[in-house]
Amino acid sequence: MVHGKKLTRKFVLPSAKIRQAAPLTRARRIELLRQVLTDAAAPMRSRIAAGLVLLYAQPVSRIVRLTVDDIVQDDDQVLIRLGDPPSPVPESACR
């Protein structure tokens, strides 16, 4: 075993390049929602997660932490706890 000898140069990873994507237009978001809701080949969990991302503009890291306790009924309205106060779930999504 060799001790004290530097066999390699200092290794530096390049910095990650984070780019801001252009926001989705309303028409594009609706088109993607339509695809997500009607794609029976995709797993239901993936479709639900994609729908929540598209509807509420939440990061996937937040969506995966949701539990059934984050869905609440308030009078005649269904709400989802993504923050405070909870957000209403569109009526057509509750049927």
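Restricting to region 78-95, name every residue that is of a type outside the set (Asp, Glu) and open to solvent by 80 Å² or more (accessible area, probe 1.4 Å).
Within region 78-95, Arg81, Pro85, Ser92, Arg95 qualify.
For region 26-49, which positions are of a type in the set (Val, Ile, Thr) and more than 18 Å from Val60 (Cβ to Cβ)?
Ile30, Thr38
So that you can scan it fast, the table gives a plain yes or no per residue for (1) polar (S, T, N, Q); (2) open to solvent by 90 Å² or more (accessible area, probe 1.4 Å); (3) without any contact (Cβ under 8 Å) to a residue 40 or more places away in the chain; (4) out of contact with any Asp or Glu (no Cβ under 9 Å at 6 or more places or on another chain):
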{"residue": "Phe11", "(1), (2), (3), (4)": "no, yes, yes, yes"}
{"residue": "Pro14", "(1), (2), (3), (4)": "no, yes, yes, yes"}
{"residue": "Ala21", "(1), (2), (3), (4)": "no, no, yes, yes"}
{"residue": "Arg29", "(1), (2), (3), (4)": "no, no, yes, yes"}
{"residue": "Leu32", "(1), (2), (3), (4)": "no, no, yes, yes"}
{"residue": "Asp39", "(1), (2), (3), (4)": "no, no, yes, yes"}
{"residue": "Arg47", "(1), (2), (3), (4)": "no, no, yes, no"}
{"residue": "Val64", "(1), (2), (3), (4)": "no, yes, yes, yes"}
{"residue": "Asp69", "(1), (2), (3), (4)": "no, yes, yes, yes"}
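The values are calculated or read from the model by the stated rules, or taken from the named source; none is laboratory data. Note that this is a predicted model, so its numbers are computed, not measured. Positions of Cβ are backbone-derived with ideal geometry, glycine not excepted, and every protein chain shown enters the neighbour counts. To get the accessible areas, we keep the full protein, side chains included, count just its heavy atoms, and leave off ligands, DNA and RNA. Shrake-Rupley method; radii C 1.70, N 1.55, O 1.52, S 1.80 Å.
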